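The values are calculated or read from the model by the stated rules, or taken from the named source; none is laboratory data. Bear in mind that the values here come from a model prediction, so they are computed numbers and not experimental data. Note that each Cβ is placed from the backbone with ideal geometry, even for glycine, and that neighbours are counted across all protein chains shown.
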Amino acid sequence: MGKTSRFLSPTWLAILTPLAAVVAALAVGALLLLALGVDPVAAYASMFQGAFGSLNSVADTLVKATPLLLVGVGICIAFRGGMLNIGGEGQLIVGGLAATAAVLALRAWPAWALIPVGLALGFLAGAAWGAVPGVLKARLQVNEILTTIMMNAIAIQALNYLLRGPLMDPEQVSKGSFIPQTARFTLAADLPRLVPTRLHAGFLLAVIVAILAWVLLWRTTIGFRIRAVGLNPFASRRAGMRVSRYGILAMVLSGALAGLAGAVQVMGVNHRMFTDGSSAGFTGAAGFNGIVAALFGLLHPIGTIPAAVFFGGLIVGANAMQRAMQIPSAMITALNGLLVIFVVSSDIWRRRMVQRQQKAEVASALGAASGAEQAAPT
Amino acid sequence: MIQDLLSPAVLAGIVYSGIRLATPYLYAALGETIGQLSGVLNLGVEGMMLMGAYAGFYLTYRTGDPWLGLLAAILMGAILGLANALITVTFRAEQGISGIGVFLFGLGMSELLFQKTLGSVATVSGFPPIRLPFLGDLPVVGDLLFNHNLMVYAAYLLVPLVWLVLNRTTWGLKIKSAGQNPAAADALGVSITRVRYATVTVGGILASVAGASLSIALLNVFQQNLTSGMGFIAVALVYFGGWSPLGALAGSLLFSTVNALQNWIQVLGIPIAPDFALMLPYVLTILMLVVPFRKARQPAALTKPFERGEG
């Protein structure tokens, strides 16, 4: 192929298009900032400074990236299996709740036993929360997008109920302040810190999980079947695969990773469970932003690693910008929405390029087969 | 306390507010039905409702005229609908995800606009209830059915109207053919792009009006996340109703009645934790998806962008 086509090969274009989409979203954001009477250059400078300006801010970025990465990898698995999991928020919450309940009950346990148990319970709770929409979709053809959204709302109410009732910090009750939060966990439940910053081992765990997910999807039979079922359920059924089983598995794994993210969040960052009534209070909207990270990572577990770090930086930076410039956090939500829209809308150019390339390859293969020397007609 | 729920006054209250509260679900679900029948899933209804609720409220608040508010909501809906058509039809985006983008945008943008232009929660007088002549004077029924505001009546009138358009006009045929077999429709000279642009724009307008019905006709306030999930539930009602306007009506009524019941449970102080009462609508939605009102297959080309010459 020619020089231009090497530069614009699908791989390059696949990376460049979402980047262009981000630039476009930030440009719209700049217009919004101007409308709000804020200097966009100064605002974005404070954003970058806040996200990557110092060791501490880089650590905070990685801490924010951790749930995005775990949720995002789960989104990749679900999507490859033909499922859209919009239920990350609910799965994060039940994962956090399960880990919390375990850690509060096992106060006497040492760290080496307590941490794995807490994480495992978060994983399992998220798996259960993902299993419901998975089974309903695979067995009864109930739309999984809608059920996962409803499961989010149910999880929020369960969280509010538990923290205002059975799980509330006894001290809050005896003092009469009734803040809906649990007691602080024992120190044994704290995830170890990596460097003397807020960065905890959860980030490392998330990266390992991403690599394992890649191995699962592209190096094992189960993963091959998940992808096959997602690509073409009819052909997979003909090939003897149990289509509904692998669809459910994809959803269960997806929920499990979001649940694990919830457990990592309580044990690594908050050290207690709390609620502000909404879901974003605890999750920081990671259940939704994880979808953005996965998309930006091209729905590939390895690609999701840098994508999650990028979006973690965006969130930390946005918080810094908000403090420095008094910009309402609602603007960041709106900007996030634009980002999602731009990223999925721009995908058309990558797909077109892939199609054109495939046509050219087919044409040149046909040309070679028919014995034509310099062939390759377009 | 439980027996209080069965007293005539409370039952009448439940029926009355059930009929009222079905309004936003009706607008949104009818718009979504039209869009889905043409093959486009709009998952951003929630965000569009919030933007419409804000636009309607803001203009009503500034001018005191709910008609201007309604006009603002219609314009806002048309803009958002056209934008959504651009995203889903022209750019062929993955609809399940782009809808979440539209939702997040509407959620953030309506809150941002609210903070910058209003600042604190205020109220407007909105559309007043109109007692229909003669019908409104009937005993019991008159109070329950014929003493509502204009946006409530219009929502119910929209049901037969949409049914007629879908089932008795060429337009309806074109819409359904675009959702069932776009390639065949295209071959017969139907412009899939034009049909879907129209349905998605109408869907945007109806979603926006649904939001406005809350802010200038039912609750007469605007606040952050006013709709709290109603838009997603409206999408679910379309599945429950089997893509028919009558199904959407049945779903909206069932849903709003359960909501009204849940409100009365709290008002009467029946000892159920409020968190569980709040959970009820969402559990109900899942059940409604599992056991639909009308068994129907979803439009064959739903969420599938159309491109000529693609199989």
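Which of the residues belonging to region A:273-306 are over 22 Å from B:Leu107 (Cβ atoms) and within 14 Å of chain B (Cβ to nearest Cβ)?
A:Gly297, A:Leu298, A:Leu299
All but one of (1) under 26 Å from A:Ile86 (Cα atoms); (2) surrounded by fewer than 24 Cβ atoms within 10 Å (Cβ to Cβ); (3) among the charged types (D, E, K, R) hold for B:Arg196, so report the exception by its number.
Among (1) under 26 Å from A:Ile86 (Cα atoms); (2) surrounded by fewer than 24 Cβ atoms within 10 Å (Cβ to Cβ); (3) among the charged types (D, E, K, R), the lone unmet condition for B:Arg196 is (2).
State which residue is nearest to the chain's Cα centre (by Cα) when the search covers only region A:315-356 and only residues that are more than 12 Å from chain B (Cβ to nearest Cβ) and under 30 Å from A:Trp12 (Cβ atoms).
A:Ile315
Out of all the residues in region A:342-367, which are buried (at least 23 other Cβ atoms within 10 Å of the Cβ) and in contact with a Phe, Trp or Tyr (Cβ under 7 Å, 6 or more places away or on another chain)?
If the condition is that a residue be buried (at least 23 other Cβ atoms within 10 Å of the Cβ) and in contact with a Phe, Trp or Tyr (Cβ under 7 Å, 6 or more places away or on another chain), then A:Val343 is the only one that fits.
If we scan region A:352-360, do we find a residue that is in contact with a helix residue (DSSP H, G or I) (Cβ under 7 Å, 6 or more places away or on another chain), closer than 28 Å to B:Phe114 by Cα and assigned to a helix (DSSP H, G or I)?
The answer is no; no qualifying residue exists.
Restricting to region A:264-281, name every residue that is in a helix (DSSP H, G or I) and either surrounded by fewer than 24 Cβ atoms within 10 Å (Cβ to Cβ) or in contact with a Phe, Trp or Tyr (Cβ under 6 Å, 6 or more places away or on another chain) (or both).
A:Val269, A:Asn270, A:Ala280, A:Gly281
Which one of these does B:Ser228 not meet: (1) surrounded by fewer than 24 Cβ atoms within 10 Å (Cβ to Cβ); (2) modelled with pLDDT of 95 or more; (3) closer than 29 Å to A:Thr333 by Cα?
Every condition holds for B:Ser228 apart from (2).
Does B:Asn263 count as surrounded by fewer than 24 Cβ atoms within 10 Å (Cβ to Cβ) and within 10 Å of chain A (Cβ to nearest Cβ)?
So B:Asn263 fails the test.
Which residues, taken from region A:331-358, are of a type in the set (D, E, K, R), touching an Asp or Glu at 6+ places or on another chain (Cβ under 9 Å) and free of Cβ contacts under 8 Å to residues at least 60 places away in the same chain?
Matches in region A:331-358: none.
Could you identify the single residue in A:Gly268, A:Gly367, A:Gly317 that is more than 23 Å from A:Gly122 (Cβ to Cβ) and in contact with a helix residue (DSSP H, G or I) (Cβ under 7 Å, 6 or more places away or on another chain)?
After ruling out the rest, the residue left standing is A:Gly317.
Among the candidates B:Val89, B:Val102, B:Val121, which residue alone is part of a loop (DSSP other than H, G, I, E, B) and either buried (at least 24 other Cβ atoms within 10 Å of the Cβ) or in contact (Cβ under 8 Å) with a residue 40 or more places away in the chain (or both)?
B:Val121
Please find, within region B:105-118, the residue that is nearest to the other protein chains (Cβ to nearest Cβ) out of those that are surrounded by fewer than 18 Cβ atoms within 10 Å (Cβ to Cβ) and part of a helix (DSSP H, G or I).
B:Gln115
Could you figure out which of (1) in contact with a Gly (Cβ under 8 Å, 6 or more places away or on another chain); (2) not in a helix (DSSP H, G or I) isn't true of A:Val195?
(1)
For the list (1) at pLDDT below 90; (2) under 25 Å from B:Ala122 (Cβ atoms); (3) crowded, with 24+ Cβ neighbours inside 10 Å, I need the number of the one condition that B:Phe255 fails.
Going through the list (1) at pLDDT below 90; (2) under 25 Å from B:Ala122 (Cβ atoms); (3) crowded, with 24+ Cβ neighbours inside 10 Å, B:Phe255 breaks only (2).
Filter region B:213-225 down to residues that are over 14 Å from the mean Cα position of the chain (by Cα) and closer than 27 Å to A:Thr147 by Cα and give me whichever is surrounded by the most Cβ atoms within 10 Å (Cβ to Cβ).
B:Gln223
I need a count of the residues in region A:289-320 that are farther than 28 Å from A:Ala42 by Cα and either crowded, with 24+ Cβ neighbours inside 10 Å or in contact with a Ser or Thr (Cβ under 9 Å, 6 or more places away or on another chain) (or both).
The total comes to 7.
Taking into account only those residues within region A:159-192 that are of a type in the set (A, V, I, L, M), in contact with a Ser or Thr (Cβ under 7 Å, 6 or more places away or on another chain) and part of a helix (DSSP H, G or I), which is surrounded by the fewest Cβ atoms within 10 Å (Cβ to Cβ)?
Among residues in region A:159-192 that are of a type in the set (A, V, I, L, M), in contact with a Ser or Thr (Cβ under 7 Å, 6 or more places away or on another chain) and part of a helix (DSSP H, G or I), the one surrounded by the fewest Cβ atoms within 10 Å (Cβ to Cβ) is A:Leu163.
From the list B:Phe232, B:Phe276, B:Phe293, which residue is more than 9 Å from every other protein chain (Cβ to nearest Cβ) and of a type in the set (Phe, Trp, Tyr)?
B:Phe293
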